[in-house]
Structures are given as structure tokens and as C-alpha cells.
Amino acid sequence: YEFFAGAAVKQPLEFNHKVHTELIQCEECHAGVKKSGSAGLPDIKVCMGCHGDTPVTDSPEEKKLSNYINSKKDIRWRRLYENPVHVYFSHNRHVSVGKLACEKCHGDIGKTAKPPGKALVDMEMSDCITCHQRNKVDTSCIVCHK
């Protein structure tokens, strides 16, 4: 049973993670990654920080982005990872406290030029338990199952 990988999705924009991660850190767009349970998906204000007034490129995807910005509409990004309702996962605990790199669970998403249709890493409960055991972290059910 795959706990974190969802069904195949199509994103509203052909977002290029590679171009962005060469310039900025993951947490600049996924603001909650170090501070809260959820990493979060960026709202249009995040994109406007760099793409607000003047286009950075002449790509068709950036033209689509400009339409979102000009209409002040958020981009309806689709989640690639979805925990079952009975599983609690905190990005803060794993990234800030546990010092795990994003790539550990998300694979090379930062090197992708087009959005993948599904999660690059199929996480299963056994992966979580193995990591907890290897790092001497509590494996009691209540740690992740609320």
C-alpha cells in the first residue's frame, strides 16, 4: 500500500523545477517546509516576487503565469503527495528537526524540467519505519497515526 503517492495529475502550468532550484531554495516557494506540518503549495504572490512586472523569459508557460498574475488568481496546483487521513506527517519535524533533505522523500523533483504526473518516490509505511529505525527515532504507532 503506497501511503504518499497519489493518482496521476496534470499541473495547470508546465512548471520547471530545475530552473527555479538553480536560483532559489525549496522553502522560498514551499514556505511551510521548515515551519509547519505542511510544506504548502505556492500562491500567486510567491510567483509575483520574481515574475510580477516584467516577464523573465518569453516562454508560453510564463505567458500563462502572467495571465494568472494579471487576473490575481491563484494557480490551482495539484498535489503529488497525499497522506491518508489517519497519517500525520510534519515537514517541520523532518526537515528542521530531522535535517532530512527534500530529495530523501521527493527524489530529484528539483531537477525536473516538466512537472511529473505523479510522485517520483513511492513512499510506503515500511520506508518510514526503516528511516525511523536507522535514525533511532520512535516507531510507536501514535507518532504518525493520529
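When you scan the range 21-35, how many residues do you find that are over 13 Å from the mean Cα position of the chain (by Cα) and either modelled with pLDDT under 90 or open to solvent by less than 80 Å² (accessible area, probe 1.4 Å) (or both)? Don't jump to the end; show me each part of the working.
In the first step, residues of the range 21-35 are kept if they are over 13 Å from the mean Cα position of the chain (by Cα); the result is 22-24, 35.
When the remaining residues are screened for being either modelled with pLDDT under 90 or open to solvent by less than 80 Å² (accessible area, probe 1.4 Å) (or both), the result is 24.
Number of matching residues: 1.
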If you check A119, A113, A101, which single one turns out to be within 28 Å of F15 (Cβ to Cβ), of a type in the set (G, A, S), surrounded by 16 or more Cβ atoms within 10 Å (Cβ to Cβ) and touching a helix residue (DSSP H, G or I) at 6+ places or on another chain (Cβ under 9 Å)?
A119
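For every residue, the table says whether it meets (1) in contact with a Leu (Cβ under 8 Å, 6 or more places away or on another chain); (2) at pLDDT 95 or above.
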{"residue": "E103", "(1), (2)": "no, no"}
{"residue": "H106", "(1), (2)": "yes, no"}
{"residue": "T130", "(1), (2)": "no, yes"}
{"residue": "T139", "(1), (2)": "no, yes"}
{"residue": "V143", "(1), (2)": "no, no"}
{"residue": "K146", "(1), (2)": "no, no"}
Set Y68, Y88: member being modelled with pLDDT of 90 or more and touching a strand residue (DSSP E or B) at 6+ places or on another chain (Cβ under 8 Å):
Y88
Exactly one of V85, V56, V143 is without any contact (Cβ under 8 Å) to a residue 12 or more places away in the chain, open to solvent by 40 Å² or more (accessible area, probe 1.4 Å) and in contact with a helix residue (DSSP H, G or I) (Cβ under 7 Å, 6 or more places away or on another chain), and that one is V56
Please go through (1) under 15 Å from the mean Cα position of the chain (by Cα); (2) surrounded by 17 or more Cβ atoms within 10 Å (Cβ to Cβ) for H51 and return the number of the only condition it doesn't satisfy.
(1)
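The values are calculated or read from the model by the stated rules, or taken from the named source; none is laboratory data. Note that the coordinates shown come from a computational prediction; the quantities given were computed from them, not determined experimentally. Positions of Cβ are backbone-derived with ideal geometry, glycine not excepted, and every protein chain shown enters the neighbour counts. Keep in mind that these areas ignore ligands, DNA and RNA; they rest on the heavy atoms of the full protein, side chains included. Shrake-Rupley method; radii C 1.70, N 1.55, O 1.52, S 1.80 Å.
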